[in-house]
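Read the figures in this text as sums done on the coordinates, not as results from a lab. Remember, predicted model here, so these are calculated numbers, not experimental data. Positions of Cβ are generated from backbone atoms using ideal geometry, with glycine treated the same way; all protein chains shown enter the neighbour counts.
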Amino acid sequence: MDKNILEFKNVNFSYGKKEVLNNVSFSIKQGSFFVLLGLNGAGKSTIFSLITRLLKLEDGAISINGFDIKNYGKALKDIGIVFQEPTLDLDLTVKQNLYYYGALKGLNFKQTIESVKDEIIKLELQEHLDIPARRLNGGHRRRVEILRALINKPKLLLLDEATVGLDLKSRFDILKYVKDLVKTQNISVLWITHLFDEVDEDDFVALIKKGQIVEQTTVKNLLVKHNQNNLVDTFNYLTR
């Protein structure tokens, strides 16, 4: 039986009197690519913030690799995080940004680079390690953030709108790399996006509107179930 790496159960959340999540439940199995798709303001970033403990869970349950999210240390040790907003220190080199994060995880310089040496090559960053992050373009900065998130060998990789603001080639290069990680390293991925063209027919997707999951299954199943030609039409049909 496949193990659930992330479980989100009956979660409700409000900012004051404004409800932003209503009885949200979903799970991500080990070694799977899971897309949370919705328009801006649907509640996607709130879900991300609850998983990463930027917001406090008040109603419902979240577990990562079997550990309750309230058990902060054990739950979060198994995740890698790529935030929507850039988080690199632009005055440090790529290598220094990696070293700093590795040190937070208890690794020395050599161990940090060793932990991601293969990924440095796959992400084509080997020629950029000694360059200040400020001099990198947006696509390469995002690659560094993904690389940094892999230092602790996570079982779950969270990416919140990771391709926003990038050109088309950079977006799909990053998407392909992340999907390859799922296949080659058995990592589970939560890919949060509002960009419909980033979702393939074989992807498992949860559609969210106004804080509620309206449907979750593979895109292929969605099209057949609702007799629609594409994901955009299906989303509009389900959220009208």
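Which percent, to the nearest 5, of DSSP beta bridges fully inside the chain are antiparallel?
Given both bridge residues lie in the chain, the antiparallel proportion sits at roughly 55 percent.
Starting from the Cα of Lys56, draw a straight line to each of the lysines and keep only those under 19 Å, dropping any in the same chain fewer than 8 residues away.
Straight-distance partners of Lys56: Lys9, Lys17, Lys18, Lys44, Lys70, Lys74, Lys77.
Please enumerate, by chain and number, the aspartates and glutamates with C-alpha under 13 Å from the C-alpha of Lys209, excluding those fewer than 8 residues away in the same chain.
Glu19
With a/c under 1.5 counting as rounded, go ahead and sort the stretch 155-240 into rounded, prolate or oblate using the C-alpha gyration tensor (a ≥ b ≥ c being the square roots of the eigenvalues; past the cut-off, prolate if a/b is larger than b/c, else oblate).
Prolate, since a/c reaches 1.5 and a/b exceeds b/c.
When the C-alpha atoms of the stretch 89-153 are aligned to their principal axes, what extent does each axis show, in angstrom, from largest down?
Projected onto its principal axes, the Cα set of the stretch 89-153 covers 29, 24, 16 Å.
Which far-off residues, 5 or more places away or on another chain, put their amide H under 5 Å from the one on Ile5, with H placed in the peptide plane?
For Ile5, the qualifying residues are Ile28, Lys29, Gln30.
Just to confirm the filter: which trypsin sites (Lys or Arg not before Pro) across the stretch 41-100 are DSSP coil and have at most 11 other Cβ within 10 angstrom of their Cβ?
Listed in order of number, the matching sites are Lys56.
Would you list the P(r) distribution for the chain, with all Cα-Cα distances sorted into 10 Å bins from 0 and each bin expressed as a whole %?
Reading upward from the zero bin: 7, 31, 36, 20, 5, 0.
GNM, the chain, Cα, under 10 Å: largest mean-square fluctuation among Ile208, Ile113, Ile47?
Ile113
If you only keep lysine pairs separated by 8 or more in sequence, or across chains, how many in the stretch 89-153 come under 14 Å at the Cα atoms?
Final tally of qualifying lysine pairs is 4.
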